[in-house]
Amino acid sequence: MSSKGQLKREIKKCRLTIEEIERKRSRSQSALVQAILLQEEPNEMDVEWFNKYTGEITACRNHMIELQKELDSMK
């Protein structure tokens, strides 16, 4: 079992990681939105990057939720 301080640091690290990945994902997201608005076929690479970053964000959020549950059980 981890200490409270260690869990809090890990949760903060997860939040920062999610923010960083969301910034990266926003680039491909804006390209996808532009393609939709212009009624064009989205670039395949933009779709792949968007899906990759979305998967990473989901995994990190799930990990953060588990850490938060562990922290809450200590209180």
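The values are calculated or read from the model by the stated rules, or taken from the named source; none is laboratory data. Since the structure is predicted, the reported quantities are computational estimates derived from the model, not experimental observations. All Cβ positions, even for glycine, are placed from backbone atoms using ideal geometry, and neighbour counts span all protein chains on display.
Just checking, which of L71, L32 is in a helix (DSSP H, G or I), modelled with pLDDT under 95 and surrounded by 11 or more Cβ atoms within 10 Å (Cβ to Cβ)?
From the options L71, L32, the qualifying one is L71.
Out of all the residues in segment 35-57, which are surrounded by 12 or more Cβ atoms within 10 Å (Cβ to Cβ) and either out of contact with any helix residue (DSSP H, G or I) (no Cβ under 9 Å at 6 or more places or on another chain) or assigned to a helix (DSSP H, G or I) (or both)? Spell out the reasoning first.
Within segment 35-57, the subset surrounded by 12 or more Cβ atoms within 10 Å (Cβ to Cβ) is 35, 42-43, 46-47, 49-54, 56-57.
Across segment 35-57, the qualifying residues are A35, D46, V47, W49, F50, N51, K52, Y53, T54, E56, I57.
Under 8 Å between Cβ atoms, at least 6 apart or on separate chains: pull out the pairs that start in segment 41-54 with a residue that is within 18 Å of E20 (Cα to Cα) and end on any residue that is of a type in the set (A, V, I, L, M).
Every condition considered, the pairs that remain are D46/A31; D46/L32; D46/A35; F50/L32; Y53/I21.
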